[in-house]
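The values are calculated or read from the model by the stated rules, or taken from the named source; none is laboratory data. Remember, predicted model here, so these are calculated numbers, not experimental data. As a convention, Cβ positions derive from the backbone with ideal geometry for all residues, glycine included, and neighbour counts pool all protein chains shown. Calculation scope for accessible area: heavy atoms of the full protein, side chains included, ligands and nucleic acids excluded. Shrake-Rupley method; radii C 1.70, N 1.55, O 1.52, S 1.80 Å.
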Amino acid sequence: MIEPLGFTRNSLVTSLGTIVYYEATEAPWVKAGESLGDRQTLVFLHGFGGGSSAYEWSKVYPAFAADYRVLAPDLLGWGRSDHPVKNYTPQDYIQVIQEFLQQTCAQPPVVIASSLVAAIAVRTAVQYPELFASLILATPTGLSDFGEDYRSNFFAQLVSVPVLDRFIYTTGIANTAGIVNFLEQRQFAQARRIYPEIIDAYLESATQPRAEYAALSFVRGDLCFDLAQFMPDLTIATAILWGEYAQFTPPAIGRRLAALNPNAIKAFVEIKDVGLTPHLELPGVTIGVLRGFLALLQ
């Protein structure tokens, strides 16, 4: 959880808890006395997993801060935001994203989101299309797409056992070895691209007080759903990028999802030799793809 140069930490209160977010407000991105009111807003939403936070996009979003107003929140239950003691549901995050956009964006922003949160962003855009200018989605998946049941896998069932779930989180996730394993097995195609700062940022988020509640809701499958049921109703112009080696969700799934709504899905780009988070694994390539998408979706 490291703020890039020129970004400051802010917060806002939602009906479910306080959200911390990062915004470019200082040099070299903003000149003294400059108003950001005329800039298009980009909102970057991180995905879920052991120690996730806004850090996930932090190697990408500074590249846009000279031309756009850039916001990157830690979603509820992650990073420096509040960690309510509860079982989290997709509707919780739909509500939080809705309230965040309403409170921070006078005009509809471009929302750039990752993995399961990208799928939740689709559902939010279906319910509240007036809040979105367009969507850019990195590996959007409900993790139970086209009738698959994520909750049937062994690990999801294991962490559904009370008491054992907290033990697994403490010993298998919220420590250096657990974070490294998660990054190597779940997020990156090439382990050599993982460096100490990434591990430290994920570990800091994973060890926040009560961080286990949101993380275990994710691992149990409480947040999963079939995105295929919602894609046909999307009306917002959307572009999708997908890592070639995304775990559990290969590009073929992404192409099937995109084919459900060719009117809304304007582009689909597969990025070679990356996993679930190309924006963290190959940020320079991802920046180039995003620039192309932004030009296309104008």
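Against the numbered list (1) open to solvent by less than 20 Å² (accessible area, probe 1.4 Å); (2) at positive phi; (3) at pLDDT 95 or above, GLY275 comes up short only at (2).
Applying a threshold of 7 Å to beta carbon distances and a minimum spacing of six or more residues, or different chains, the list of pairs starting in the range 241-263 at a residue that is without any contact (Cβ under 8 Å) to a residue 60 or more places away in the chain and under 24 Å from ASN181 (Cα atoms) and ending at one that is open to solvent by less than 70 Å² (accessible area, probe 1.4 Å) and aromatic (Phe, Trp, Tyr) reads PRO251/TRP242. Look at the range 278-298: where a residue is within 14 Å of ALA138 (Cα to Cα) and free of Cβ contacts under 8 Å to residues at least 60 places away in the same chain and a partner is open to solvent by less than 10 Å² (accessible area, probe 1.4 Å) and assigned to a helix (DSSP H, G or I), sitting 6+ places away or on another chain with Cβ atoms under 7 Å, you get VAL285/PRO278.
Being at pLDDT 95 or above, over 14 Å from the mean Cα position of the chain (by Cα) and open to solvent by 10 Å² or more (accessible area, probe 1.4 Å) is a property that TYR128 has. Scanning the range 166-206 for residues that are touching a Gly at 6+ places or on another chain (Cβ under 8 Å) and over 18 Å from PRO278 (Cα atoms) turns up THR171, GLY172, ILE173, ALA174, GLY178, LEU203, GLU204, SER205, ALA206.
The residue list LEU116, LEU135 contains one member that is under 22 Å from ALA211 (Cα atoms), open to solvent by less than 10 Å² (accessible area, probe 1.4 Å), outside any loop (DSSP other than H, G, I, E, B) and at pLDDT 90 or above, which is LEU116. Scanning the range 70-85 for residues that are on the phi < 0 side of the Ramachandran plot and either assigned to a loop (DSSP other than H, G, I, E, B) or surrounded by fewer than 24 Cβ atoms within 10 Å (Cβ to Cβ) (or both) returns LEU75, LEU76, TRP78, ARG80, SER81, ASP82, HIS83, PRO84, VAL85. Taking the criterion of being open to solvent by less than 20 Å² (accessible area, probe 1.4 Å), at pLDDT below 95 and not hydrophobic (A, V, I, L, M, F, W, C), the residues of the range 203-232 that qualify are SER217, GLY221. May I ask you to verify whether VAL126 is part of a helix (DSSP H, G or I), farther than 30 Å from TYR169 by Cα, touching a residue at least 12 places away in the same chain (Cβ under 8 Å) and touching a Leu at 6+ places or on another chain (Cβ under 7 Å)? The answer is yes for VAL126. Looking at ALA267, ALA295, ALA258, just one residue is out of contact with any strand residue (DSSP E or B) (no Cβ under 9 Å at 6 or more places or on another chain) and open to solvent by 10 Å² or more (accessible area, probe 1.4 Å), and that residue is ALA295.
Selection of the range 2-30 for residues being assigned to a loop (DSSP other than H, G, I, E, B), surrounded by 15 or more Cβ atoms within 10 Å (Cβ to Cβ), modelled with pLDDT of 95 or more and hydroxyl-bearing (Ser, Thr, Tyr) yields an empty set. Kindly indicate the residue of the range 186-196 that is touching a helix residue (DSSP H, G or I) at 6+ places or on another chain (Cβ under 9 Å), assigned to a helix (DSSP H, G or I) and touching a residue at least 60 places away in the same chain (Cβ under 8 Å) and also nearest to THR170 (Cα to Cα) among those meeting that condition. Step by step, filter the range 186-196, then rank; the result is GLN187.
One residue stands out among those in the range 87-103 that are assigned to a loop (DSSP other than H, G, I, E, B) and either in contact with a strand residue (DSSP E or B) (Cβ under 8 Å, 6 or more places away or on another chain) or at pLDDT 95 or above (or both): the one that is nearest to THR18 (Cα to Cα), which is TYR88. Highlighted here are the helices (runs of 4 or more DSSP H) found entirely within the range 224-298 that include at least 2 residues which are in contact with an Asp or Glu (Cβ under 8 Å, 6 or more places away or on another chain) and among the aliphatic types (A, V, I, L, M): 251-259. ARG80 falls short of the stated requirement of being more than 22 Å from THR170 (Cα to Cα) and modelled with pLDDT of 95 or more.
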